[in-house]
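The values are calculated or read from the model by the stated rules, or taken from the named source; none is laboratory data. Quick caveat, the model's predicted, so the values are computed rather than measured. With ideal geometry, Cβ positions are generated from the backbone for all residues, glycine too; neighbour counts draw on all protein chains shown. Areas reflect the complete protein model, heavy atoms only, side chains present, ligands, DNA and RNA absent. Shrake-Rupley method; radii C 1.70, N 1.55, O 1.52, S 1.80 Å.
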Amino acid sequence: MEKKVMKRAKEVFLFRRKLVEFFIEKGIAVVSMTAIFAIILIFVFTFKETIPLLYDREARKEVSLENLFINKIWQPVSEKPKYSMLPLLTGTFKISLIALIVSSPIAILAAIFTSQFARGFYREAIKPFIEILAGLPSVVIGFFALTALASLVQDLTGSTYRLNAFVGGVGVSFAMIPIIFTIAEDAINSVPRAMKDASLALGARPYQTILRVILPAAFPGIAASILLGFGRAVGETMICLMATGNAAIISLNPFDSTRTLSATIGAEMAEVVFGGPHYRVLFLIGSILFIITFGLNFLSSFYIARLSKKLKGK
């Protein structure tokens with residue numbers, strides 16, 4: 001009788017444990033699906049507001065493919081509004097490229113130093129300090145670029161425009177450095193210790209081991225960090241709005257003022273007529289930004305998966 005009671009109690013205990021595990025598992029799945037569902041909703045909403053450009057008569061009178069991609073003027077408020085994407089795309093990629101050139105060497109060298117050379121206090125100080133930059137609001141970096149960096153750059157270069165693409169690019173690089181640093185350091189640290197030890201045992205110097213063993217093995221992860229950082233630069237709004245001069249012109253000169261896609265949305269969305277052609281074009285810009293950043297994130301995920309397979313020998 002006592003054995004039956006104990007057996008029954010054990011069965012009840014196992015049943016309850018399975019029930020709790022079932023609800024925990026389903027709860028985690030629901031939370032995960034909520035995040036995916038939210039992204040899909042954003043995707044649907046953004047494109048839903050863009051699609052009327054294809055069939056709305058009022059919008060088609062002002063917005064055509066020629067107006068969007070052949071003309072070179074962004075002038076949405078005039079008798080004949082002009083909505084060329086070319087100056088905005090030029091400004092976006094110019095800012096992102098400058099930010100990439102400035103931030104990538106700093107972040108990758110810092111990741112190498114922190115993971116391979118720094119010990120004790122230096123390791124404990126450098127890593128948190130760089131990662132704190134990720135928590136700084138964009139508007140704070142924008143104020144720094146607007147007040148201090150712009151004057152310094154103008155004094156050093158003698159540029160005509162105080163606020164220009166170079167100032168904006170350097171400002172955006174401060175937001176990119178923590179992203180590239182964190183992912184690059186993880187990629188370098190994920191290289192098996194045995195590979196480094198084998199290289200040193202064969203007589204290679206530390207810098208030769210880093211250049212010929214560790215960096216090639218970690219390259220997919222480092223490439224992914226650069227792509228993610230580039231995506232961050234493309235979507236940056238506040239720093240670009242405050243530090244680039246906001247002149248929608250086509251110019252490859254880094255010391256000319258410029259305007260980006262995201263800054264245009266930030267500057268004009270609050271002033272447009274709801275549902276009007278200008279409103280639809282701003283959502284078209286949002287859709288373009290969404291596609292660019294989604295593509296960059298997809299590529300970075302591909303490279304990270306490739307690194308994982310490479311290190312596992314698959």
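Of the residues Ala145, Ala224, Ala118, which exhibits the maximal mean-square fluctuation in a Gaussian network model of the chain defined by a 10 Å Cα contact cut-off?
Ala118
In whole percent, how big is the carbon plus sulfur part of the accessible area of segment 1-137, probe 1.4 Å, protein atoms only?
Ligands and nucleic acids excluded, carbon and sulfur give 71 percent.
How large is the accessible surface per residue of segment 1-131, computed with a 1.4 Å probe and reported in Å² as a whole number?
75
Probe radius 1.4 Å, ligands and nucleic acids left out: which of Glu131, Glu66 has the largest accessible area, and how do the rest follow?
From most accessible down to least: Glu66, Glu131.
What residues qualify as long-range amide H neighbours of Ser84, i.e. H under 5 Å apart, gap of 5 or more or another chain, H built at 1.01 Å from N?
Those qualifying (amide H under 5 Å, at least 5 residues apart or on another chain) are Ile73, Trp74, Gln75.
Taking each pair of different alpha-carbon atoms in the chain once, compute 1/r for the pair, average those values, and report the inverse of that mean as the Kirkwood hydrodynamic radius in Å to one decimal.
22.9 Å is the Kirkwood radius here.
Return the aspartates and glutamates within reach of Lys196: Cα separation strictly under 20 angstrom, same-chain partners fewer than 8 residues apart disregarded; answer none if there are no such residues.
Qualifying aspartates and glutamates at Cα under 20 Å: Glu185, Asp186.
First compute the accessible area of segment 190-314 with a 1.4 Å probe, then give the percent of it belonging to carbon and sulfur atoms.
66
Can you return the aspartates and glutamates within cross-link range of Lys3? Criterion is Cα-Cα under 13 Å, with same-chain partners fewer than 8 residues away left out.
Glu11
Return the FRET efficiency for the residue pair Val44, Leu14: r is the Cβ-Cβ distance, R0 is 35 Å, and the value is rounded to the nearest 0.05.
My answer for the efficiency is 0.20.
Would you work out which of Phe93, Val272, Pro105 lies farthest towards the positive end of the dipole of the chain? Charges go on Cβ: Lys and Arg +1, Asp and Glu -1.
So the residue we want is Pro105.
Sorted by mean Cβ packing within 10 Å, highest first, what order do the peptides 13-22, 84-93 take?
Per-residue Cβ counts within 10 Å, averaged per peptide and sorted highest first, yield 84-93, 13-22.
Between segment 1-78 and segment 133-196, what is the separation of their alpha carbon centroids in Å?
Using only Cα atoms, the two centres lie 32 Å from each other.
Which FRET efficiency, nearest 0.05, do Glu271 and Lys26 yield, Cβ-Cβ r, R0 45 Å?
Given R0 = 45 Å and the Cβ-Cβ separation, E is 0.45.
Could you check the simple spin-label distance between Val5 and Tyr122, using points 7 Å along Cα→Cβ, in nm with one decimal?
6.9
From the phi angles alone, apply the Karplus equation (6.51, -1.76, 1.60; θ = phi - 60°) to segment 96-103 and give each ³J(HN,Hα) in whole Hz, x where the residue is Gly or Pro.
For segment 96-103, the Karplus-derived couplings read 5, 5, 4, 4, 5, 5, 6, 7 Hz, x marking Gly and Pro.
By the gyration tensor of its Cα atoms, with a ≥ b ≥ c the square roots of the eigenvalues, what is the shape of segment 71-218: rounded for a/c under 1.5, prolate for a/b over b/c, or oblate?
prolate
Across segment 205-216, in residue order, what do the Karplus-derived ³J(HN,Hα) couplings come to in whole Hz, using 6.51 cos²θ - 1.76 cosθ + 1.60 with θ = phi - 60° and x for Gly and Pro?
7, x, 5, 5, 5, 5, 6, 9, 10, 6, 5, x
Over 31 Å between C-alpha atoms is what I'm after, so list which of Lys48/Lys80; Lys48/Lys94; Lys94/Lys127; Lys18/Lys127; Lys18/Lys309; Lys48/Lys309 land there.
Cα-Cα > 31 Å for Lys18/Lys127; Lys18/Lys309; Lys48/Lys309; rest within.
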